[in-house]
Amino acid sequence: MDNLPNFHLGNLILFLSVVAWAVAQILKVVVVLVQKHRLDFRNILSSGGMPSSHSAFVCACAAATGNLYGWSSALFAIAAVLAIVVMYDASHVRKAAGEQAKILNYMMEHWTEMKPELFGKELKELLGHTPIQVFAGAVLGVAIGFCGSWLFL
């Protein structure tokens, strides 16, 4: 381990978390390409979609923390609690906000009489994730966090 270059700037947990986030964001472009036959690089920085980069990010953090500091450590407990809160938010709170945006966008499209200036911009509907998207992001994050921390120990 001492002979390996310090390419992760001394913080392996943070490095692996960012790698998991980046892989998830790139996979979103691939998923859209396969499903919709459209290459859309805007998905690289977007929220929502498959897999959840939020889940991948926090699960990589938790997995790497557990692997490096022990599964019964206080550090792992904190990382795991944070991961659970983020995944719950992604699949419930932000998902509900996206559903509301979908309804509001429909109302704005069919508002034929007066369209106030407030309704000039379409709302972003893809804010949250389905449970399967959160699960896929979690699996990706755990795999990267665990395997990466094991490889660089």
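The values are calculated or read from the model by the stated rules, or taken from the named source; none is laboratory data. Model, not experiment: these values are computed from the prediction. Every residue, glycine as well, gets a Cβ built from its backbone with ideal geometry; the counts of neighbours run over all protein chains shown. Side chains are part of the model used for accessible areas, which takes the heavy atoms of the whole protein and leaves out ligands, DNA and RNA. Shrake-Rupley method; radii C 1.70, N 1.55, O 1.52, S 1.80 Å.
Annotations for the structure displayed:
- Whole-Hz ³J(HN,Hα) from phi, Karplus 6.51 cos²θ - 1.76 cosθ + 1.60, for region 29-38, glycine and proline x: 5, 5, 4, 5, 4, 6, 6, 10, 6, 9
- Taking a ≥ b ≥ c as the square roots of the eigenvalues of the Cα gyration tensor, an a/c ratio of 1.5 or more together with a/b larger than b/c marks region 15-94 as prolate.
- Placing unit charges on the Cβ atoms only, positive for Lys and Arg and negative for Asp and Glu, gives region 36-108 a dipole magnitude near 280 debye about its Cα centre.
- Heavy atoms of ILE78 accessible to a 1.4 Å probe, total area in Å² rounded to 10: 110
- Solvent-accessible area, 1.4 Å probe, carbon plus sulfur percent, for region 1-93: 70
- In this label model, HIS110 and PHE135 are separated by 3.3 nm, measuring between points 7 Å along each Cα→Cβ vector.
- The largest accessible area among CYS59, CYS147 belongs to the first residue in CYS147, CYS59, and the rest follow in falling order (1.4 Å probe, all chains).
- Nearest-0.05 FRET efficiency for TYR88 and ILE26, computed from C-beta distance (R0 30 Å): 0.75
- Rounded to the nearest 10 Å², the accessible area of MET50 at probe 1.4 Å: 60
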